[in-house]
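A.B. asks: The following block contains the structure, expressed as structure tokens.
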Amino acid sequence: MKKSNVAVEHRDTVALPWYEECEIAVRSHPLVMLVGKPGCGKSRFADWISRKHTGLAPVVTQGTPNMERYDFWGSTGLKDGATEFIDGRMVESLKSNRFMVIDDWMAIPPEVRGELLPLRASDTVVNPLSKEEIKLSASWRLLATTNPESARCRGNAAVARALLDGFVVCEIPDMTTDMIADLLHHNFPDASKAMVDAVMDEFGKFRRLLPGDRDSGDATTELSYRAAEQTLKLLLGGMRMSSAVKMAMIGKYILDEDLHRAAKLKADFAEAT
Ligand SMILES: Nc1ncnc2c1ncn2[C@@H]1O[C@H](COP(=O)(O)OP(=O)(O)O)[C@@H](O)[C@H]1O
Ligand SMILES: [Mg+2]
């Protein structure tokens, strides 16, 4: 990819309170794991820090259980009628000195992840498939993200621990309600204060349906910033509040029958009063 495609100035990102320490982590260590629930701001931070430190967007890839070593390191393919080795995402990142961001790191098969870890130690790395020797820039970084549940429950604990050992781990807190309101104002400067307040009112009702101590850390039991943002977008698109809440907040609970019923009851009750 040509430099001009990725050399975008910082997007308009608000530095959240945890950014400062995570930035030190990224400055100080090549492998950083961002752990937090969906919607807490992991991907946005990874993008922000990459642009800030390299002037370039990161190479981003979504981790999946089907991933193979070829996805990262490359494979032989046809290019302009001739066979040649086509670099994978990791090599692309290393050679262009862009940060590598791997979302849902824990979803990737352990043996594929394991092959990426020599990156932590040396200043050169050998592509295990092409045998090419690649120089590692001192400023190159791998940022991996995961949510807490998949960090805990996937596969063999001993292997998982060994694979985590090279990372420093940044635990990202959930966004507070105030933070969410601030981000809404920031990201939607055209929305009136009354409209954002109304969204936050609804968000307060539906964000968490379980009492605090029963928070399992499970994404299905709690709404994220995204639900508030989507509600606001629907309102700005002309939808009435009750429908917007249904689509952007209550709908998120369909994964859990009991919570979904509870959310709908709450909405009916609110509408009746
Ligand atoms: N610092 C920020 N400034 C502005 N918007 C943000 C910020 N952090 C997160 N957001 C917004 O919140 C939403 C969720 O953030 P994201 O980074 O995608 O979460 P995660 O990767 O943890 O699931 C996105 O719409 C994102 O644009
Ligand atoms: Mg993300």
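A.B. asks: Can you work out which of the residues in the range 26-62 that are in contact with a Gly (Cβ under 8 Å, 6 or more places away or on another chain) and outside any helix (DSSP H, G or I) is farthest from ligand 1 (Cβ to nearest atom)?
C.D. replies: Here the residue is L31.
A.B. asks: Of all the strands (runs of 3 or more DSSP E) wholly in the range 82-172, which have at least 2 residues that are within 16 Å of ligand 1 (Cβ to nearest atom)?
C.D. replies: 100-103, 142-146, 168-171
A.B. asks: Another question about this same structure. If we keep just the residues of the range 29-51 that are surrounded by fewer than 19 Cβ atoms within 10 Å (Cβ to Cβ) and modelled with pLDDT of 95 or more, which is farthest from ligand 2 (Cβ to nearest atom)?
C.D. replies: Ranking the candidates gives R44 first.
The values are calculated or read from the model by the stated rules, or taken from the named source; none is laboratory data. Just so we're clear, the structure is a prediction, and the values are computed from it rather than from any experiment. Cβ sites come from the backbone with ideal geometry, for glycine too, and all protein chains shown count toward neighbours.
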